[in-house]
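Peer 1: Have a look at this one.
The values are calculated or read from the model by the stated rules, or taken from the named source; none is laboratory data. Given the structure is predicted, the values throughout are model-derived calculations rather than measurements. Cβ coordinates were reconstructed from backbone atoms using ideal geometry, including for glycine residues, and neighbour counts include every protein chain displayed.
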Amino acid sequence: MGRKSHGLILQDESGHFFLTRGDHVKFDLEDGRLVDIPNNWMMYQDVLGGVLPVCTVMIAPYALRNGFVHIEDPAFGSIVNAYFGHDVRIKLGKVKLPQGDWSELGRVARIYYARSGEYCGKYHHDFKLEAPPVRLMTTQKSTSYMVVLPRGCVVDSHGFVWP
């Protein structure tokens, strides 16, 4: 089954759902460094802001579950359909929310990622340098990454929009 035929949502230990934004994630930092995340890690967002701030995007390993899911929450389902496409079947993965101390790796100039669903493909977004900074954080052992976008960020069905 190809990337175009399905989307993926993640669920944490408490049962909260997250929209996946893509995998094969890489970052160009403002200081010229490239941060290459393992390809099998997933970038995800709490699009309703129930557990994490909406302008925080996480990247971490996950475990894929068998089968497809039906999304019960109409608000979340609408966002999932807008991002992956209305005729795309949705798979479920499990993720453990990262705990511990975070340290800043640097300010992000560009993000690269690959998305699944009807709009599958490789994407990139240049963050506007005159806008408030986008910060890339990691846990002490680099077991998870966090992108901290400024207040008022726009990440929607088109992907990263502002800054």
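Peer 1: Confirm whether Phe160 is surrounded by 14 or more Cβ atoms within 10 Å (Cβ to Cβ), in contact (Cβ under 8 Å) with a residue 24 or more places away in the chain and under 14 Å from Thr56 (Cβ atoms).
Peer 2: When the stated conditions are applied, Phe160 passes them.
Peer 1: Looking at segment 103-124, which of its residues are within 26 Å of Leu64 (Cβ to Cβ) and touching a strand residue (DSSP E or B) at 6+ places or on another chain (Cβ under 8 Å)?
Peer 2: Within segment 103-124, Ile111, Tyr112, Tyr113, Ala114, Arg115, Ser116, Gly117, Cys120, Gly121, Lys122, Tyr123, His124 qualify.
Peer 1: On the given criteria, is Ile79 buried (at least 16 other Cβ atoms within 10 Å of the Cβ), out of contact with any Lys or Arg (no Cβ under 8 Å at 6 or more places or on another chain) and in contact (Cβ under 8 Å) with a residue 24 or more places away in the chain?
Peer 2: On the way: buried (at least 16 other Cβ atoms within 10 Å of the Cβ): yes; out of contact with any Lys or Arg (no Cβ under 8 Å at 6 or more places or on another chain): yes; in contact (Cβ under 8 Å) with a residue 24 or more places away in the chain: yes.
Spelling it out, Ile79 is indeed buried (at least 16 other Cβ atoms within 10 Å of the Cβ), out of contact with any Lys or Arg (no Cβ under 8 Å at 6 or more places or on another chain) and in contact (Cβ under 8 Å) with a residue 24 or more places away in the chain.
Peer 1: Please work out which residue is modelled with the lowest pLDDT, limiting yourself to segment 1-50 and to residues that are among the hydrophobic types (A, V, I, L, M, F, W, C) and in a loop (DSSP other than H, G, I, E, B).
Peer 2: In this case the residue turns out to be Met1.
Peer 1: If only one of Gly49, Gly100, Gly77, Gly67 is among the small types (Gly, Ala, Ser) and in contact with a strand residue (DSSP E or B) (Cβ under 6 Å, 6 or more places away or on another chain), which one is it? Before the answer, list the steps.
Peer 2: Working: Gly49 fails: in contact with a strand residue (DSSP E or B) (Cβ under 6 Å, 6 or more places away or on another chain); Gly77 fails: in contact with a strand residue (DSSP E or B) (Cβ under 6 Å, 6 or more places away or on another chain); Gly67 fails: in contact with a strand residue (DSSP E or B) (Cβ under 6 Å, 6 or more places away or on another chain).
Residue meeting the stated conditions: Gly100.
Peer 1: Right, another one. Among the residues of segment 11-25 satisfying the criterion of being touching a residue at least 40 places away in the same chain (Cβ under 8 Å) and more than 10 Å from the chain's Cα centre (by Cα), which is farthest from Asp73 (Cα to Cα)?
Peer 2: To start, the set of residues in segment 11-25 that are touching a residue at least 40 places away in the same chain (Cβ under 8 Å) comprises 11-13, 17-25.
Remaining after also requiring more than 10 Å from the chain's Cα centre (by Cα): 11-13, 17, 24.
Values: Gln11: 13, Asp12: 16, Glu13: 18, Phe17: 10, His24: 28 Å.
Only one residue fits best here, namely His24.
Peer 1: Turning to a different aspect of this structure: Would you mind finding the one in Ile59, Ile71 that is in contact with a Ser or Thr (Cβ under 8 Å, 6 or more places away or on another chain) and of a type outside the set (Ser, Thr, Tyr)?
Peer 2: Exactly one residue qualifies, and that residue is Ile59.
Peer 1: Also: Among Arg151, Arg107, Arg135, Arg89, which is the only one that is surrounded by fewer than 19 Cβ atoms within 10 Å (Cβ to Cβ), in contact with a Cys (Cβ under 9 Å, 6 or more places away or on another chain) and not β-branched (Val, Ile, Thr)?
Peer 2: Arg151
Peer 1: Restricting to segment 7-58, count the residues that are touching a helix residue (DSSP H, G or I) at 6+ places or on another chain (Cβ under 9 Å), over 18 Å from Val108 (Cα atoms) and crowded, with 17+ Cβ neighbours inside 10 Å.
Peer 2: So the count comes out to 7.
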